[in-house]
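Notes for the one structure printed next.
The values are calculated or read from the model by the stated rules, or taken from the named source; none is laboratory data. Bear in mind the structure is a predicted one, so any value in this text is a computation, not a measurement. Cβ placement follows ideal geometry from the backbone for every residue including glycine, while neighbour counts extend to all protein chains displayed. Surface accessibility is based on the protein's heavy atoms, side chains included, excluding ligands, DNA and RNA. Shrake-Rupley method; radii C 1.70, N 1.55, O 1.52, S 1.80 Å.
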Amino acid sequence: MTNPLLIGRGIPPYTEILPEHVVPGITTLLGEVEQSLTELEQTVAAIAVPCWEDFVEPLEHISERIGWAWGVIEHLLSVKNSAELREVHRQIQPQVIQFFNRFSQSRATYEGFKKIRHSDTWEQLDPAQQRIVTAALRDAELSGVSLDGELKEKFNQIQMELANLSTQFSNHVLDATKAFSMTLTQPEEIEGLPNSLLAIAAQAARLDGDSKATPEAGPWCITLDFPSYAPFMQHSRRRNLREKLYRAFVSRAASGDYDNNPLIQRILDLRQQKAEILGFPSYGSLSLTRKMAGDVTKAEQLLEELRQQSVPFAQQDLEDLREFARRQGEQEPLQHWDIGFWSERLRESKFEFTAEELRPYFPLEQVLSGLFGLIERLFGVRVVPADGETPVWHPDVRYFKLLDEHQESIASFYLDPYSRPAEKRGGAWMNDCLGRVRRREGNDTVVRKPVAYLVCNQSPPVDDKPSLMTFGDVTTLFHEFGHGLQHMLTHVDYAGASGINNIEWDAVELPSQFMENWCYDRSTLMGMAKHYQSGETLPEHYYQKLLAARNFMSGSAMLRQLHFAMVDLELHHRYDPRGAETPAQVRSRLAEKTMVLPPLPEDQFLCAFSHIFAGGYAAGYYSYKWAEVLSADAFAAFEEAGLDNEPAIAQLGRKYRQTILGMGGSAHPMVVFESFRGRQPSTEPLLRHSGLLVSAA
């Protein structure tokens, strides 16, 4: 047991795991789980009706044993990427995919689930168990369990190649982002840039080899990493430099060694082939069978309803921006690289504050304190630091525990908050490290406590300043913590349905988007917004301005998300990968009705659209809007109770914890939602929260 990847359980010992452990460790594990699966298949085949404890639990254990080690490697690939780790991942991934194909296509286990489903004991199972069995049967069928011969071999080859292409796509985006930088040396080149960005840029220059770089004197290194790119586009007064940076950003991973165009074409072709093998007309149809919407038509109906509401507002947003820029002396027609800059100027003019002004009021420690206070207020659980109690993969990573009403530890999570563009992929996400499950161990019954990964990419501490967050960083942290809460506060005892497991993909954003609403709640915001130097609470006029600015250009923001979602569905449902039209042309065609400023001819946004080509959102990006309908309606329940009515909020919070957070995948999301809200969801709260309800009246 010298290889830490062979532990297969508990908190991963991150300080001990090295790239050289991967190939021998996974090879050994694959041999063990292969043998365990064969033995279980033989046992199940000989039983008339397998029971839960002797069939489902051992099957879950087999999956979790390899999943534990492979999950550790995949996690490190996203937060501590290196050439060495990539290479060993590339070497062993085909064998891992082969095993998971074998696992998901096991006829013996499929027949075992069928025996349970059609047995006299079916009604004795509780609803969560029944849902797990039903999902297992569906997933086996969608994994090709009924395939034979050449068709099965082709299907498995497709699965293998898709996994490889997904990894390549992600690596290309990371490498292309890392490859570009723009070094500024003259004072006029940094006109308008906030001090926080200058500090980041000087730090980047020092990391790039210029040890004498300072925020005051430069040089300043601007990169495509979002904490650098976004504020530059918002504040730089040098239009030519904004254009240079924008063109680099929208053409990432679209040429040379990192060109994702051929990968996109191949991914879409393989997904279509996979769907056809399984008897579906499109990959979109295949994907939606596992989702709450059920079919592409329902998803598109929602998107179209929201699009029609959003377009007039987005058109007005652009016209307002053009008029404002003209009044400020801008003589050139507005281009894409001007939108962020003039939007920020208009926001400042209209609401009389800048995003940068707020940063000092949002040091990470204070925001965490406010977030944790809200969690205790709503759900009755305390979050306490537990740094040093478990190994971490980087010195900046924190570790926390959740305590229940009896001060008993019920879950824990890692927080990896800062951007590290050289080794960590962009964006923010939650993932599960360990899921909750209640199992027999010998003569005892034990509950494994859930553990979550929460990963963000905000600005790190620079020099003597703590990490000062934008308000956008704050809402991102609340969003990811919402995912984490659903994972950590589950009360389901079965691994197959606890936490985020077995939840339809278009419902998983409900708890995350729900949490974002609390960033605008007075007691929550004022409780955490305190100046990092003086301790002064955020002045009231800033709070009022934040509220007023909440729906600033919300039509544009809504339309942007709808554009992504509609392009995704079009590519996976109607686009013919073997036809004459390219994915980029599909995007341009849809832009005519989902963008008020057409994309540049060289805009290769799809080449960095990792959500659908390297993540889990293929034919599912619409889920953000689908779930936002649910989350807005769920938050409306708290608004109706009165956000300052503490007893009512606490009571409703406990109900939300028991239903939305607690039930996990043990029931259909609509059943879960109705158990909280008492009715089916309405789009009205989302449109109202977004300020898009005027024309609907």
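Can you tell me the FRET efficiency between residue 48 and residue 151 if r is taken as the Cβ-Cβ distance and R0 is 41 Å, rounded to the nearest 0.05?
Details: r = 31 Å, r/R0 = 0.76.
About 0.85, to the nearest 0.05.
How much net charge surrounds residue 498 when only the other residues with a Cβ under 10 Å from the Cβ of residue 498 are counted, with Lys and Arg +1 and Asp and Glu -1?
Here the charged neighbours net out to +1.
Between residue 589 and residue 404, what is the FRET efficiency for a Förster distance of 35 Å, r being their Cβ-Cβ separation, to the nearest 0.05?
Working: r = 53 Å, r/R0 = 1.51.
The calculated FRET efficiency here is 0.10.
Give the distance, in whole Å, between the Cα centre of region 574-607 and the Cα centre of region 54-120.
Answer, in whole Å: 36.
Quick one: work out the % antiparallel among DSSP beta bridges in the chain, nearest 5. Working shown, then result.
Details: 28 of 34 bridges.
In the chain, DSSP labels about 80 percent of beta bridges as antiparallel.
Which of the DSSP-defined H helices in the chain satisfy a minimum axial length of 30 Å, computed from C-alpha atoms, and a minimum mean Kyte-Doolittle hydropathy of -1.0? Present the calculation step by step, with values, prior to reporting the outcome.
Numbers: long enough: 22-45 (34 Å, 0.47); 52-79 (37 Å, 0.12); 83-104 (31 Å, -0.55); 149-179 (45 Å, -0.53); 296-327 (44 Å, -0.89).
Taking the DSSP H segments of the chain (at least 30 Å long, mean hydropathy at least -1.0), we get 22-45, 52-79, 83-104, 149-179, 296-327.
Could you tell me the accessible area of residue 505 in Å² (1.4 Å probe, neighbours in place), rounded to the nearest ten?
For residue 505, solvent-accessible area is about 90 Å².
Once the other residues with Cβ under 10 Å from the Cβ of residue 452 are scored (Lys, Arg +1; Asp, Glu -1), what is the net sum? Don't jump to the answer; show the numbers that get you there.
Details: positive: none; negative: 432, 480.
Around residue 452, the surrounding residues sum to -2.
I need the peptides 87-98, 378-389 ranked by packing, meaning the mean over residues of other C-beta atoms within 10 angstrom, with the highest value on top. Write down the numbers at each step before the final one.
Working: 87-98: 16.8, 378-389: 14.8.
By packing density, highest mean first, the sequence is 87-98, 378-389.
Expressed as a whole percentage, what fraction of the accessible surface of region 134-197 belongs to carbon and sulfur atoms when a 1.4 Å probe is rolled over the protein heavy atoms?
46 percent
For region 163-202 and region 215-252, what is the separation of their C-alpha centers, rounded to whole Å?
Centre-to-centre distance over Cα atoms comes out at 7 Å.
Take the alpha carbon gyration tensor of region 176-324, find the square roots of its eigenvalues, order them as a ≥ b ≥ c, and report rounded if a/c is under 1.5; if not, report prolate when a/b exceeds b/c, else oblate. Before the final figure, lay out each step's value.
Values: a/c = 3.30, a/b = 1.75, b/c = 1.89.
It comes out oblate by the Cα gyration axes.
R0 = 25 Å: FRET efficiency of residue 259 with residue 84, Cβ-based, nearest 0.05?
Details: r = 24 Å, r/R0 = 0.96.
After rounding, the FRET efficiency stands at 0.55.
Taking the Cβ of residue 98 as the center, what net charge do the other residues with Cβ under 12 Å away carry, scoring Lys and Arg +1 and Asp and Glu -1? Mind dumping the intermediate values first?
On the way: positive: 102; negative: 34, 153.
With Lys, Arg at +1 and Asp, Glu at -1, the net is -1.
Apply the a/c threshold of 1.5 to the C-alpha gyration tensor of region 258-399 and tell me whether it is rounded, prolate or oblate.
On the way: a/c = 1.89, a/b = 1.07, b/c = 1.77.
The shape class here is oblate.
So, by mean Cβ neighbours within 10 angstrom, what's the order for 552-562, 575-585 with the highest one leading? Intermediate values should be presented prior to the final figure.
On the way: 552-562: 20.2, 575-585: 13.8.
Per-residue Cβ counts within 10 Å, averaged per peptide and sorted highest first, yield 552-562, 575-585.
At 7 Å along Cα-to-Cβ for each site, give me the label-to-label distance between residue 323 and residue 548 in nm.
1.8 nm
Where does the chain land at 222 nm, in deg cm²/dmol rounded to the nearest 500, when only DSSP H runs of n ≥ 4 count, each adding -39500 (n - 2.57), divided by all residues?
On the way: 26 runs with 381 residues, N = 697.
Per the formula, -18000 deg cm²/dmol.
Over the chain, what relative contact order in percent results from Cα pairs under 8 Å that are six or more residues apart? Show your work: numbers first, answer last.
Details: 1069 pairs, mean separation 108.1, N = 697.
Computed over the chain, the figure is 16 percent.
Pull up all non-local amide H partners of residue 193: gap of 5 or more, or a different chain, and H-to-H distance under 5 Å with H placed in the peptide plane.
237
Protein chains only, probe 1.4 Å: how do 289, 445 rank by accessible area, largest first? Don't skip to the answer; put the middle values down first.
Numbers: 289 55, 445 90 Å².
Ranked from most to least accessible, the order is 445, 289.
Restricting attention to region 619-679, which trypsin sites (Lys or Arg not before Pro) occupy a DSSP loop and are surrounded by at most 14 other Cβ atoms within 10 Å? Don't jump to the answer; show the numbers that get you there.
Values: sites: 625, 654, 655, 657, 677, 679; in loops: 679.
Those that pass, being in a loop and sparsely packed, are 679.
At 1.4 Å probe size, with every protein chain present, just tell me what the per residue accessible area of the chain comes to in Å². Write down the numbers at each step before the final one.
On the way: 28830 Å² over 697 residues.
Value returned for the chain: 41 Å² of accessible area per residue.
Going by the alpha-carbon gyration tensor, a ≥ b ≥ c the square roots of its eigenvalues, is region 6-67 rounded (a/c under 1.5) or, if a/c is not under 1.5, prolate (a/b greater than b/c) versus oblate?
Working: a/c = 5.84, a/b = 2.21, b/c = 2.64.
The shape class here is oblate.
When the Karplus curve 6.51 cos²θ - 1.76 cosθ + 1.60 is applied with θ = phi - 60°, which whole-Hz ³J(HN,Hα) does each residue of region 3-19 get, with x for Gly and Pro?
After applying 6.51 cos²θ - 1.76 cosθ + 1.60, I find 8, x, 6, 8, 4, x, 7, x, 5, x, x, 4, 5, 9, 8, 10, x Hz.
Which percentage, to the nearest 5, of the DSSP beta bridges contained in region 345-460 is antiparallel?
Working: 20 of 26 bridges.
Bridges in region 345-460 are about 75 percent antiparallel.
Enumerate the calculated ³J(HN,Hα) couplings along region 512-517 in order (Karplus 6.51 cos²θ - 1.76 cosθ + 1.60, θ = phi - 60°), each rounded to whole Hz, writing x wherever the residue is Gly or Pro.
Ordered by residue, 3J(HN,Hα) equals 6, 5, 4, 5, 4, 4 Hz.
Could you check the spin-label model distance between residue 526 and residue 240? Points 7 Å from the Cα along Cα→Cβ, value in nm.
Placing both labels 7 Å beyond Cα along the Cβ direction yields 5.0 nm.
With a 1.4 Å probe and every protein chain kept in, tell me what percent of the accessible surface of region 351-469 is carbon plus sulfur. Provide the component values of the computation, followed by the final result.
Details: 2240 of 4840 Å².
Ligands and nucleic acids excluded, carbon and sulfur give 46 percent.
Can you list the residues, at least 5 places off or on another chain, whose amide H is less than 5 Å from the amide H of residue 255, using H built in the peptide plane?
260
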